[in-house]
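K.L.:
Submitted below is the structure of interest, expressed as structure tokens.
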Amino acid sequence: MTEAEAERAMRPAMVRGWRRKCPNCGAGPLLRGYLKVRESCPVCGEELHHQRADDGPAYLTILIVGHLMAPLILIAFTHYRPDPLVLASVFSVGTVGLSLWLLPRLKGVMVAIQWARRMHGFGQQVSPGE
């Protein structure tokens, strides 16, 4: 098996993606801005433009935030009976904050999974004429 065909480790790539770093070297920044993936890593030169994360990170964010916040809202409402405006205000801020924190991290994880599994053009050989 050649180096290009060697299996890429999934867990380290996902951890690097969670940290918003290049899934290959772990040193270069993966994102340019809040959610825009760089064309290539400035440290190791790994091409990152192949990624196709699309709506996946948003769906995962909604799934995670919904599963965390729904039970907390229920517990807060049944045990403490706060004013509905206070409940809505506190959980709205918490939901938006958690969503904004998770979204770029989950995008990094999705790109890292694609890189590790050589999906969407990651790991293809580039011929010298290109």
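Laboratory data are not the source of any read-out in this text; all were calculated from the coordinates shown. Owing to the predicted nature of the structure, the values given are computational and were not obtained by experimental measurement. Cβ coordinates were reconstructed from backbone atoms using ideal geometry, including for glycine residues, and neighbour counts include every protein chain displayed.
K.L.:
For the chain, modelled as a Gaussian network with Cα springs under 10 Å, which listed residue fluctuates most, Gly108, Gly17, Gly66?
P.N.:
Result for the chain, Cα springs under 10 Å: Gly66 fluctuates most.
K.L.:
Could you sort the peptides 70-81, 33-44 by per-residue average Cβ neighbour count (10 Å cutoff), highest mean leading?
P.N.:
33-44, 70-81
K.L.:
In deg cm²/dmol and to the nearest 500, what is the mean residue ellipticity at 222 nm of the chain if only DSSP H runs of at least 4 residues count, each as -39500 (n - 2.57), divided by the residue total?
P.N.:
Mean residue ellipticity at 222 nm (helix-derived): -18000 deg cm²/dmol.
K.L.:
I would also like to ask the following. Gain in length, Lys36 to Ser92, computed as 0.36 nm per residue apart minus the alpha-carbon separation, to one decimal in nm? Kindly include the intermediate steps, with their values, before the conclusion.
P.N.:
Working: separation 56, 0.36 × 56 = 20.16 nm, distance 2.57 nm.
Difference between extended and current length: 17.6 nm.
K.L.:
Here is a further query. Amide H neighbours of Lys21 under 5 Å, at least 5 residues apart or on other chains, H built in the peptide plane: list them.
P.N.:
Leu30
K.L.:
Turning to a different aspect of this structure: Place a point 7 Å from the Cα of Trp101 along the Cα-to-Cβ direction; which residues of the range 25-66 have their backbone N under 19 Å from it?
P.N.:
34-35, 57-66
K.L.:
List the DSSP H helices in the chain whose Cα atoms stretch 30 Å or more along the helix axis and whose mean Kyte-Doolittle hydropathy is at least -0.5. Each step should come with its number before you reach the end.
P.N.:
On the way: long enough: 56-80 (35 Å, 1.48); 84-116 (46 Å, 1.37).
Counting only whole DSSP H runs, the qualifying helices are 56-80, 84-116.
K.L.:
Follow-up. Length gain on complete extension for the stretch Leu63 to His79, per 0.36 nm per residue less the alpha carbon to alpha carbon distance?
P.N.:
3.3 nm
K.L.:
State the label only: which of (i) 39, 14, 11; (ii) 24, 16, 14; (iii) 22, 19, 12 corresponds to semi-axes √(5λ) of the Cα gyration tensor in Å computed from the shown model?
P.N.:
(i)
K.L.:
Pick from Val86, Val65, Val109: which residue has the top mean-square fluctuation in a GNM of the chain where Cα pairs under 10 Å get a spring?
P.N.:
Of the options given, Val86 has the highest mean-square fluctuation.
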